[in-house]
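Let me begin by presenting the structure, written as structure tokens, before commenting on it.
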Amino acid sequence: MTKAPTFSRQPVLCHCMNVFPGTTPQAKLTALCGCLTEVKNRLHGFADRPFPVGLWLDAATAEALRRDDDARAAWASQLHAAGFEAVTANAFPYGRFHDEPVKTSVYHPDWTCPERRDYTIAVADLLASLLPPDTIGSISTLPAGYRGHFPTTGEKPMLANILAVAEHLAKIHQQTGKIIRLGFEMEPDCLWEAPAEFADFFQRRLQSHEHAGFLGVCYDTCHQELLGHEPGAGLELLIDQGIPITKIQLSAAIRAPSVAAQEFLCRNFQDSVYLHQTRLIRNHTVIQSWEDLPLPTDLTSHSSNTDGEWRCHFHVPIFLDNLTGGLMAANAELKAILAAVRKTPSLCPTLEIETYSYNVLPGFLQCKSLADCLVKEAQFVQAQIAEMNYEL
């Protein structure tokens with residue numbers, strides 16, 4: 001079995017580019033040369049060195065670049081010339097991810113489908129051509145599929161597709177020396193919602209495979225908030241079970257600790273684009289679940305209870321604590337994970353700030369610009385792990 005790669009350097013911090021609309025290579029360059037260049041210029045230490053980013057390309061764009069050597073080389077050259085380097089990639093959203101309803105379609109195709117396998121391989125090949133030397137790369141992906149849509153006979157084709165990608169990542173390593181690992185991003189209402197669920201699958205189906213070292217977990221701190229567990233407990237379980245942590249996504253959810261806050265949340269955060277799973281949590285236990293944020297007209301038919309709190313899967317800027325209307329950031333998991341990274345920098349090679357829902361946030365939570373938000377988020381991480389001497 002291929003051993004999980006190890007590293008001794010501090011993790012790389014970056015922003016995930018799925019916050020930017022537009023799927024074409026030129027649209028990505030526009031975001032890099034506009035918003036992210038402003039972020040790069042405002043953060044200390046990047047005047048004379050590349051600024052790391054987390055790529056997101058939809059399946060059609062990724063495949064087109066993979067098949068066209070000249071276009072891929074030109075795009076990579078422009079990216080480097082602008083002062084950026086790709087250190088990780090998000091291969092969760094397969095198609096469009098902005099400006100139109102996404103909801104549960106973001107989980108399709110799932111890992112039972114060859115399209116998901118082929119998309120992930122295309123992203124891996126692109127990342128391999130962009131990854132800096134001596135950097136362990138990662139790709140995040142969905143946790144198998146949406147539980148309510150996942151076929152009862154799906155485990156066999158899913159396993160075959162996952163192992164095909166693991167073998168491709170091993171081939172990339174053999175041919176280029178570059179290490180890229182695939183991380184499954186546990187999410188509410190998916191086949192693998194909790195760390196224990198993925199750990200069970202990993203040990204049953206993946207651990208004995210010769211290329212299991214190229215597989216692991218992308219740990220999203222927002223998603224873990226909706227489980228109600230003790231902050232940091234999920235990460236500890238994965239480490240204890242020997243599951244590689246390929247990437248940590250730094251994100252925060254929303255807490256609504258009172259009936260008034262729950263009503264404010266339902267009236268002000270309705271969104272037609274993304275899914276916002278919502279949970280009532282009491283004493284670290286989920287009491288009630290909704291597949292999306294309830295509508296204001298549905299409030300009377302749902303349990304609103306001050307003995308507990310709602311948590312909503314809505315990525316809010318990670319530097320916020322008190323929101324408004326009685327709402328608070330659900331960020332205890334985020335802070336616990338940053339404390340763990342501060343204590344053990346070799347825990348994970350990549351930290352990725354992911355606030356993809358910025359563009360659908362109510363105006364009162366947005367900054368004067370997206371660039372301003374991204375700078376403040378990076379500075380928040382810097383303050384949390386200052387002892388690691390981060391330049392971000």
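Every number in this text was worked out from the coordinates using simple rules, so none of it is lab data. What you are looking at is a predicted structure, and each value in this text was computed from that prediction instead of being measured. Neighbour counts run over all protein chains shown; Cβ positions are idealised from the backbone, glycine included.
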*If you count, for each residue, the other Cβ atoms within 10 Å and average over each peptide, how do 135-143, 193-201, 100-108 line up from highest to lowest?*
135-143, 193-201, 100-108
_Where labels lie 7 Å past Cα in the beta-carbon direction, separation of Asp298 and Thr176 in nm_ = 4.3
*Alpha-carbon Rg/Rh ratio, for the stretch 3-96, with Rh computed the Kirkwood way*: 0.98
*Could you tell me the distance between the Cα centroids of the stretch 34-90 and the stretch 130-172, to the nearest Å?*
23
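Return the tail of the calculated pair distribution for the stretch 236-392, meaning the percent of Cα-Cα pairs more than 22 Å apart.
Values: 5703 of 12246 pairs.
Result for the distance tail: 47 percent.
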_Per DSSP helix of 4 or more residues, -39500 (n - 2.57); summed, then divided by the residues of the chain. What does that give at 222 nm, rounded to the nearest 500?_
-10000 deg cm²/dmol
*Please state the charge dipole magnitude for the stretch 262-385, taken about the Cα centre, from unit charges on C-beta atoms (+1 on K and R, -1 on D and E), reported in debye and rounded to the nearest 20.*
400
*Specify, per residue and in Å³, the volume enclosed by the convex hull of the alpha carbon atoms belonging to the stretch 48-187.*
114
*asked:* What are the extents of the Cα atoms of the stretch 114-169 along their three principal axes, in Å, largest first?
replied: 42, 19, 16
_Where the Cα pairs of the stretch 59-108 fall when distances are cut into 5 Å bins, in %_ = 4, 17, 18, 20, 19, 12, 8, 1
_Debye log10 I(q)/I(0) for the stretch 7-47, one point scatterer per Cα, at q = 0.16, 0.28, 0.29, 0.31 Å⁻¹_ = -0.52, -1.00, -1.03, -1.09
*From largest to smallest, what semi-axes in whole angstrom does the stretch 224-327 give when each is the square root of 5 times an eigenvalue of its alpha carbon gyration tensor?*
26, 15, 13
*Contour excess over end-to-end distance, with Cα ends at Arg204 and Leu237 and 0.36 nm allotted per residue*: 10.3 nm
*asked:* Based on alpha-carbon atoms only, what is the radius of gyration of the chain relative to the globular estimate 2.2 N^0.38 Å?
replied: 0.93
*Electrostatic dipole magnitude of the stretch 54-145 [Cβ: Lys, Arg +1; Asp, Glu -1; Cα centre; debye, to 20]*: 200
_Size of the stretch 137-291 as Cα extents on the principal axes (Å, biggest first)_ = 58, 31, 26
*If you take the charge dipole of the chain about its Cα centre, with +1 on Lys and Arg Cβ and -1 on Asp and Glu Cβ, which of Gln262, Gly54, His173 is farthest toward its positive end?*
His173
